[in-house]
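So the structure is just underneath, and the comments pick up after that.
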Amino acid sequence: MASPQQLAQLDRMERQVTTLVAAYQQVREELADAHTTIQQLQAELRDRERQLREHQNQENIVKLANTIAAEPATATELKQRLNEYIRELDKCLAYLRE
């Protein structure tokens, strides 16, 4: 039979193990939350990079149109073509998002 000291020591050890298991579970949950946050931020970063590329492409098109706009005869035709290309690209991007 165990002595009262041994029983008290076993009780303390049991409480310590229970505390450690609870702390371990909490750390695991925090780690899972951190992984979720990382994935969300990476997805957001990819989306923002895509948006930046789209805006840069649109800016380049506008610069090109402004450069060619110095020739009024071809400027209207070029602007119409560019607008058609932009609409087509927007359709493609919308299709890819689905």
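Leaving out ligands and nucleic acids, note down the accessible area per residue over the chain with a 1.4 angstrom probe, in whole Å².
92 Å²
What is the percent carbon and sulfur in the accessible area of the chain, measuring with a 1.4 Å probe over the protein chains and ignoring ligands?
Of the solvent-accessible surface of the chain, carbon and sulfur hold 57 percent.
Distance in nm between label sites at L7 and E44, each 7 Å beyond Cα in the beta-carbon direction?
Distance between the two pseudo-spin positions: 5.6 nm.
Would you calculate the volume per residue, in Å³, of the smallest convex hull containing every Cα atom of the chain?
Looking at the chain, the number lands at 82 Å³ per residue.
The values are calculated or read from the model by the stated rules, or taken from the named source; none is laboratory data. Given the structure is predicted, the values throughout are model-derived calculations rather than measurements. Reconstructed Cβ throughout: ideal geometry from the backbone, glycine too, with neighbour counts over all protein chains shown. Calculation scope for accessible area: heavy atoms of the full protein, side chains included, ligands and nucleic acids excluded. Shrake-Rupley method; radii C 1.70, N 1.55, O 1.52, S 1.80 Å.
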